[in-house]
1. Would a scan of segment 255-265 turn up a residue that is closer than 26 Å to Thr136 by Cβ and open to solvent by 40 Å² or more (accessible area, probe 1.4 Å)?
2. Of all residues in segment 165-192, how many are more than 16 Å from Gln277 (Cα to Cα) and either open to solvent by less than 60 Å² (accessible area, probe 1.4 Å) or of a type in the set (S, T, N, Q) (or both)?
3. For Ser264, all conditions in the list (1) touching a residue at least 60 places away in the same chain (Cβ under 8 Å); (2) in contact with a His (Cβ under 7 Å, 6 or more places away or on another chain) hold save one; what is the number of the exception?
4. Check segment 215-234 and report whether any residue there is open to solvent by less than 30 Å² (accessible area, probe 1.4 Å), acidic (Asp, Glu) and modelled with pLDDT of 95 or more.
5. In segment 114-160, which residues are in contact with a Pro (Cβ under 8 Å, 6 or more places away or on another chain) and within 22 Å of Tyr224 (Cα to Cα)?
6. Which numbered condition trips up Arg278, out of (1) open to solvent by 50 Å² or more (accessible area, probe 1.4 Å); (2) in contact with a helix residue (DSSP H, G or I) (Cβ under 8 Å, 6 or more places away or on another chain); (3) not in a helix (DSSP H, G or I)?
7. Any chance segment 102-115 includes a residue that's buried (at least 17 other Cβ atoms within 10 Å of the Cβ) and under 24 Å from Ser275 (Cβ atoms)?
8. Please work out if Gly20 is outside any helix (DSSP H, G or I) and at pLDDT below 95.
Amino acid sequence: MTVIAQAGFHVVAPDQRGYGRTTGWDGNYDGDISSFGFLNLMKDTLGLVFALGYRSVAAVVGHDFGSPVAAWCSMVRPDVFRSLVMMSGPFTGPPKLPFNTHSAGASSAEPVQPDIHAALAGLPRPRKHYQRYYSTREANEDMSHCPQGVHDFLRAYYHFKSADWKQNQPFPLESWTAPELSKLPKYYIMDRDSGMAETVAAEMPSPSEIADCKWLSEDELAVYSGEYTKVGFQGGLNWYRCQTDPRYSDDLKIFSGMTIDVPSCFISGSSDWGSFQRPGALERMKTTVCTDLVGIHMVEGAGHWVQQECPDEVNQIILQHLI
């Protein structure tokens, strides 16, 4: 933020709905989670811009789940969000409405996808998708009251998904099938009977590795662990619930066929599986969704937390995109 501000920009990095000390959302598992749908998340971002006294911004930048929020904002309101930077999460565009079924019949509709969750559970080593797990009732309790404590849970989670975990050597998957998805690390395709805290505990870095981690000190991590200890994880988990329940994405079909037409770029770590966890997503973003994609940057020496692991490189890419 400092580097970009020094280049003459006003930089704002809000906590998104459900995280930190944000308010106005239902944190009960059986409560109303509709506010975590993308339409409302777009409204949150637009409302913030207007609240700060601006009618438009030079760019909207999003990492991980912030990436699709940023993408939706720039697609739906290009008059406000004049350029886009996505990190780690390729955007595949709005869901499709069946086209020309009047003439072509039902064959023009999207094909029915196989039950990937049943297929994963049916593997010789039964597995489950992490987003499915994050949508379950027990996920918040498992992580908020895990045996190792929230701080050590987050330390292992950050390490496991970073370039410091040397087994992170991603490659494109061929298809959305259980055998292909099972090639993903266990933080994406979990053992069926394990929770996330248990999954990452096996990859807890050593004390010397923690001391050597310059991109996330213990004091910095304590900010995250302190906030999650206070409020739990359910607010963030509700994002996944809106993604795994089609009732909360059906309204997005009103944008079917739209593209992102503002100047866009994508940044990811070369050791980040996030770019490949959904087969074909990166290619679809490049060839179909973004009509003015000015660059795809795979930063060496970074995993999923590219803006933290390699901040100098990320700053330079963003500044080149803005200036």
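The values are calculated or read from the model by the stated rules, or taken from the named source; none is laboratory data. Every value quoted in this text rests on a predicted model; they were computed, and no experiment measured them. Here Cβ is always computed from backbone atoms with ideal geometry, including for glycine, and neighbour counts include all displayed protein chains. The accessibility values were calculated without ligands, DNA or RNA, using every heavy atom of the protein model including side chains. Shrake-Rupley method; radii C 1.70, N 1.55, O 1.52, S 1.80 Å.
1. Looking for residues that are closer than 26 Å to Thr136 by Cβ and open to solvent by 40 Å² or more (accessible area, probe 1.4 Å), one finds none in segment 255-265, hence no.
2. Selection size over segment 165-192: 2.
3. It fails just one condition, (2).
4. no
5. Arg155, Ala156, His159, Phe160
6. Checking Arg278 against (1) open to solvent by 50 Å² or more (accessible area, probe 1.4 Å); (2) in contact with a helix residue (DSSP H, G or I) (Cβ under 8 Å, 6 or more places away or on another chain); (3) not in a helix (DSSP H, G or I), the one that fails is (2).
7. Here is the first cut: in segment 102-115, the ones buried (at least 17 other Cβ atoms within 10 Å of the Cβ) are none.
No, segment 102-115 contains no residue that is buried (at least 17 other Cβ atoms within 10 Å of the Cβ) and under 24 Å from Ser275 (Cβ atoms).
8. When the stated conditions are applied, Gly20 passes them.
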